[in-house]
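First the structure, in the form of structure tokens, and then the observations on it.
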Amino acid sequence: MKVITQREFRINPAAVVDAVEAGETYHVTRNGVEVAELRPISRRRRVRAEELVERHRGLPKVEAAQLRREADEFFGTEDRVD
């Protein structure tokens, strides 16, 4: 959490909002008293495509035919839609 003055926010609001969008929380002060909190609506951060690819590389390999067999054994095949 960062503390900024009302004047600092007024001078460069775009930079503050960009930082909030990236996950930063700000407390805004007026005359030395905290009067507002700026924080992201959601704490989930955006994930870049490269990071998703790296995460995917670390996942275990799945053999589709084996997955189908195991699903059929567990759930049965009566109501299966192919």
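The values are calculated or read from the model by the stated rules, or taken from the named source; none is laboratory data. Keep in mind the model is a prediction, meaning the values are calculated, not measured. All accessible areas refer to the heavy atoms of the entire protein, side chains included, with ligands and DNA or RNA removed. Shrake-Rupley method; radii C 1.70, N 1.55, O 1.52, S 1.80 Å.
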Original post:
What is the chain's relative contact order, in percent, from Cα pairs under 8 angstrom and six or more apart in sequence?
Top reply: 21 percent
Subject >> THR25 long-range amide H proximity, modeled H, under 5 Å >> reply: LYS2
Original post:
Residue separation times 0.36 nm, minus the C-alpha to C-alpha distance between GLU78 and LYS61: what's the value?
Top reply: 3.3 nm
Original post:
Could you give the accessible area per residue of the chain, probe 1.4 Å, as a whole number in Å²?
Top reply: 92 Å²
Subject >> the range 24-79 - percent of accessible surface contributed by carbon and sulfur, probe 1.4 Å >> reply: 52 percent
Original post:
Of [x] 1.01; [y] 1.56; [z] 2.06, which one was derived for Cα Rg over 2.2 N^0.38 Å from the structure shown?
Top reply: [z]
